[in-house]
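Please treat every number below as a calculation from the coordinates, not as lab data. Quantities reported herein were computed from a predicted structural model and do not represent experimental measurements. Here the Cβ is made from the backbone with ideal geometry for all residues, glycine too, and neighbour counts use every protein chain on show.
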């Protein structure tokens, strides 16, 4: 099965400048060699705490920032080396929904105009057809057509995010990138938006790449998940394997931080909080990047950074003790 | 539209001085527009007459504001002058916006070397004391209504350009600009449809306040004899023409001067309301309340 989207050895360093003449004194290694494949009609999630490089990865895929090196392939074509007309093809196939709809929708444009604008950029339609399409799209995301003449600041958070989704889908993309699509919304609205996303995925045969720090969202929506830490993928695999049999100590710690509503279950579970703060991405620790905080780190861990080690065909871990870790984990 | 009007009414209620400003400005605009139809002595107003017998008559019922050194009715001249002074005020601001907005927008949104180059040119203009630059330019261009406007605009636009530049360079990193790029819009469209409407607020406020100052500076140029040429009854020129005889015929300078003061005051009061209406903090506060941050 060939992948719809493939990311190969993606690297993004941001120079750190200092002094009067802006001399480069170092680099923030935001993304440091990330590779993954996303297959059609699946949901691939990137999770990790702030500063892990998940949003930078997403911005590189969206061509909003230029990566330092690496390749991004959409249907086998390198996205970073597109000619002008091909960029249009890329934009038609890849759309995004951002975190805060009040910031990602121009407050000075009507809902209708925002959607019309994106339709007209990619399709030749008469005004009547465009208008019908706007109404269809609003209905598809569960909004009344009367909303079309309002400005985004007068909408509720959930409505605004639905508008953002409608705009993203207006040009019938294959791939939809979701950057924390629910974290700016009220909890009561989050579930509605997630359900809408699931429903739309089935109906329109969409593929999602989801970036989030909210593991319950990942568990609900994803087929595959990659756990990022300091610009690297630490563990990647199908959602069942990673969530039920986490091999990396970092994944185990992340999973144990999901709030457990049942107090009885809470007692049974080990809390595996990592000590300290993530180290600076300008100067990541030698060897394994987690070694400075890992509960199981040994002297071997700081010698060399481990490669991704195969656990099964759909499960890889970047930890030298991967084979024994499942005994320690939060899976118990 | 109705919502905006309501907002406006509310702002007026909070700020009654703004209402006074609005009344002053609109009555001057009406006066300027209707001037040719309400003049009692149009030849006097246009400065075509000369009557030795009527020189230096003090204000009376026949000549409300008296007569000048050529025996022309000052009231008529001041009334017709409204049009020219308002035209200069609005014209200068409009021309300055036309130069300043594209330069500031391009510098702020595109940034990089182009942005630096554009802003250094702007800084060069800003380095001159504004009226001094306008005087130098006006003297070079020669007298004339349009030349006066041009000279003032060329010394005025850098302020707008700076204001837009600062706004645009912060707005360009807003997520909705990223979103517009993802949709695949052209850079020009993003600049004018997405960035520009979101940076105009402080400029509109500033422009309203500036119309008064522009009238004042145009008057200053005319007063110095390098602005609007006689016999056009521009207010600054009228003040200047009565200057030498002010000790025995104060009314020739006084009334046009009073009109200048009242108009400028009107625009300043109006500008204050516009500022309140468009205050970004006030708007942000409302937006934040919606986001429940």
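Extending each Cα 7 Å along its Cβ direction at residue A:139 and residue A:71, get the distance between those two points in nm, one decimal.
4.5 nm
Under the rule of -39500 (n - 2.57) per DSSP H run of 4 or more residues, summed and divided by the residues of chain A, what mean residue ellipticity at 222 nm is obtained, to the nearest 500 deg cm²/dmol?
-9500 deg cm²/dmol
Only Cα pairs within less than 10 Å get springs; with that Gaussian network setup on chain A, which residue of A:67, A:181, A:107 has the largest fluctuation?
In the Gaussian network model the winner is A:107.
How much FRET efficiency would the formula 1/(1 + (r/R0)^6) give for residue B:48 and residue B:128, where r is the Cβ-Cβ distance and R0 is 35 Å, rounded to 0.05?
Taking R0 as 35 Å, the efficiency between residue B:48 and residue B:128 is 0.35.
Sketch the reach of a paramagnetic label on residue B:140 as a point 7 Å from Cα along Cα-to-Cβ, and name the residues of the stretch B:108-122 whose backbone nitrogen lies under 20 Å away.
B:118-122
Strictly greater than 45 Å: what percent of every Cα pair in the protein assembly as shown meets that?
39 percent
What percent of all Cα-Cα pairs in the stretch A:91-203 falls into each 10 Å bin, going from 0 up to the bin containing the maximum distance?
P(r) over the stretch A:91-203, rounded to whole percents: 15, 51, 32, 3.
Distance in nm between label sites at residue B:166 and residue A:303, each 7 Å beyond Cα in the beta-carbon direction?
Here the answer is 5.9 nm between the modelled labels.
For chain A, what proportion of DSSP beta bridges, expressed in % and rounded to the nearest 5, is antiparallel?
65 percent
Partner chain Cβ atoms within 10 Å, averaged over the residues of A:85-96 - can you pull that number for me?
For peptide A:85-96, the averaged partner shielding equals 2.
From the gyration tensor of the Cα coordinates in the stretch B:14-291, what semi-axes in whole Å does the equivalent ellipsoid have, largest first, with each one equal to sqrt(5λ)? Provide the component values of the computation, followed by the final result.
Numbers: eigenvalues 369, 91, 37 Å².
Each semi-axis is √(5λ); the values are 43, 21, 14 Å.
Among B:208, B:40, B:263, which one moves the most in a GNM of chain B with springs linking Cα atoms closer than 10 Å?
B:40
When averaged across all projection directions, what area in nm² does the alpha-carbon convex hull of the stretch A:126-266 cover?
On the way: hull surface 42.9 nm².
Averaging across all directions leaves 10.7 nm² for the Cα convex hull.
How fast does the stretch A:203-295 diffuse by Stokes-Einstein, in µm²/s, taking the Kirkwood radius from C-alpha pairs at 37 °C and 0.692 mPa s?
It comes out at roughly 221 µm²/s.
Take every residue in peptide B:168-179, count the Cβ atoms of other chains within 10 Å of its Cβ, and give the average of those counts. Please report the intermediate quantities before stating the final value.
Details: counts 0, 0, 0, 0, 0, 0, 4, 11, 14, 4, 9, 16.
Counting other chains' Cβ atoms within 10 Å and averaging over B:168-179 gives 5.
Under 10 Å, Cα contacts only: if you run a Gaussian network model on chain A, which one of A:59, A:201, A:17 comes out with the highest mean-square fluctuation?
Top of the fluctuation ranking is A:17.
P(r) for the stretch B:3-86: what percent of alpha-carbon pairs falls in each 5 Å bin, starting at zero?
With a bin width of 5 Å, the distribution comes to 3, 14, 18, 16, 12, 10, 8, 6, 6, 4, 1, 0.
Could you compute how fast chain A diffuses translationally, taking Rh as the Kirkwood radius over C-alpha pairs and applying Stokes-Einstein at 4 °C with viscosity 1.567 mPa s? Give it in µm² per second.
Result for D is 61 µm²/s.
Percent relative contact order of the stretch B:14-291, based on C-alpha pairs within less than 8 angstrom and at least six residues apart?
25 percent.
Out of the DSSP beta bridges found with both residues in the protein assembly as shown, what percent are antiparallel (nearest 5)? Write down the numbers at each step before the final one.
Working: 32 of 50 bridges.
Taking every DSSP beta bridge with both residues in the protein assembly as shown, the antiparallel ones total about 65 percent.
Could you please state, rounded to a whole Å, how far the C-alpha centre of the stretch A:278-321 is from the C-alpha centre of the stretch B:109-187?
53 Å
Taking the convex hull of the alpha carbon atoms in the stretch A:47-140, what volume per residue do you get, in Å³?
It is 155 Å³ per residue.
Residues of B:180-189, mean number of Cβ from any other protein chain within 10 Å of their own Cβ, rounded to a whole number?
Neighbouring Cβ atoms belonging to other protein chains average 6 per residue here.
In whole Å, what is the distance between the alpha-carbon centres of the stretch A:182-256 and the stretch B:229-257?
Using only Cα atoms, the two centres lie 78 Å from each other.
Just from its helices, what would the mean residue ellipticity at 222 nm be for chain B, if runs of 4 or more DSSP H residues each count -39500 (n - 2.57) and the sum is divided by every residue, rounded to the nearest 500 deg cm²/dmol?
-25000 deg cm²/dmol
Would you calculate the convex hull of the Cα atoms in the stretch A:49-89 and tell me its volume per residue in Å³?
Spread over its residues, the Cα hull of the stretch A:49-89 gives 84 Å³ apiece.
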